[in-house]
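The values are calculated or read from the model by the stated rules, or taken from the named source; none is laboratory data. Just so we're clear, the structure is a prediction, and the values are computed from it rather than from any experiment. With ideal geometry, Cβ positions are generated from the backbone for all residues, glycine too; neighbour counts draw on all protein chains shown. With ligands, DNA and RNA removed, areas are computed over all heavy atoms of the protein, side chains included. Shrake-Rupley method; radii C 1.70, N 1.55, O 1.52, S 1.80 Å.
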Amino acid sequence: MSQDANPENIQKILSHLPLFQALSPQQLAQIALGVRELRLSKGDVLFRRGDPTLGLHVVVFGQVKLAISSAQGNEKVVEIIGPRQSFGEAVMFLERPYPVTAEALVDTLLLHVARENVNDLLTADPSFSRAMLAGLSFRLHSLIQDVESYSMRSSTQRVVGYLLQLCPEDPEAKVELVLPTSKLVIASRLNLTPETLSRVLHDLSRNQLIEVDGRTIRIPSVRRLREFDV
């Protein structure tokens, strides 16, 4: 799963990731020396809840599911991490174990940046500190939005909001999109049962707001979906 990678290749990858874009070539070269490349197949577990935190991870391509499982085997998907996104920063700074389990939803390439390398960069480069703070602030904002969604929005509003996130900004667009993961995972992410998600998709289809074909969703009018009275 883990392998040593060419530092020059790592440096090129890092230079295109938002967290590291402000670094100089010298800083990128320095941090690349301490980065490990991790390749996961679909279903591979990167770490489990309670494992020690040794650094942060960045997704180059693929998807990673962060989830919590109960003693009864029920799973709650906390977040789905996609390309160019990082995770593990907060618990890394706290030096606490991971509070979630991370599993690859598809074949995935990750970069693991050791805690020592991150601390060195934070000390040396204020721009990296700002980028790290921005990432953590965005994660906090997303968490607050999740709490608001679960407590104040209907199941239909959650599904419509999720679909709109996958659509282009153009309200006149006709969209055909493929759901990035299974409906089971999406339902858990939206704090819905799979049956409720299926019912909402059926209702939206009955109202001619979407067409469902497996994981393919066709949206004849983004504007109509956005204006749908829920």
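So the values come out like this:
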item	result
Selection from the range 1-60 of residues that are of a type in the set (D, E, K, R), part of a helix (DSSP H, G or I) and either touching a Cys at 6+ places or on another chain (Cβ under 9 Å) or at pLDDT 80 or above (or both)	12
The range 95-134: number of residues that are open to solvent by less than 30 Å² (accessible area, probe 1.4 Å), closer than 19 Å to residue 48 by Cβ and either acidic (Asp, Glu) or without any contact (Cβ under 8 Å) to a residue 12 or more places away in the chain (or both)	0
Hits in the range 203-213 - residues which are open to solvent by 80 Å² or more (accessible area, probe 1.4 Å) and either among the hydroxyl-bearing types (Ser, Thr, Tyr) or assigned to a strand (DSSP E or B) (or both)	211, 213
Given (1) out of contact with any Asp or Glu (no Cβ under 8 Å at 6 or more places or on another chain); (2) open to solvent by less than 30 Å² (accessible area, probe 1.4 Å), number of the condition residue 56 does not satisfy	(1)
Pick from the range 148-168, criterion without any contact (Cβ under 8 Å) to a residue 24 or more places away in the chain and part of a helix (DSSP H, G or I), ranking: least open to solvent (accessible area, probe 1.4 Å)	161
Any pair with Cβ under 9 angstrom, 6 or more apart, that starts in the range 214-230 at a residue that is open to solvent by less than 50 Å² (accessible area, probe 1.4 Å) and modelled with pLDDT of 90 or more and ends at one that is among the acidic types (Asp, Glu) and part of a strand (DSSP E or B)	216/176; 217/176; 217/211; 219/176; 219/211
Unmet criterion (only one of (1) under 29 Å from residue 194 (Cβ atoms); (2) in contact (Cβ under 8 Å) with a residue 40 or more places away in the chain) for residue 70	(2)
Members of the range 10-42 found to be open to solvent by 40 Å² or more (accessible area, probe 1.4 Å) and under 26 Å from residue 186 (Cα atoms), listed by number	18, 39, 41, 42
Residue, surrounded by the fewest Cβ atoms within 10 Å (Cβ to Cβ), within the range 179-188, restricted to residues that are at pLDDT 90 or above and not polar (S, T, N, Q)	184
Selected residue (criterion: nearest to residue 63 (Cα to Cα)) from residues of the range 78-94 that are over 11 Å from the mean Cα position of the chain (by Cα) and crowded, with 18+ Cβ neighbours inside 10 Å	88
Residue within the range 119-130 that is under 17 Å from the mean Cα position of the chain (by Cα) and over 16 Å from residue 17 (Cα atoms) present	no
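Here's the yes/no breakdown for (1) touching a Pro at 6+ places or on another chain (Cβ under 7 Å); (2) basic (Lys, Arg); (3) in contact (Cβ under 8 Å) with a residue 40 or more places away in the chain:
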site	(1), (2), (3)
41	no, no, yes
55	no, no, yes
59	yes, no, yes
81	no, no, no
84	yes, yes, yes
88	no, no, no
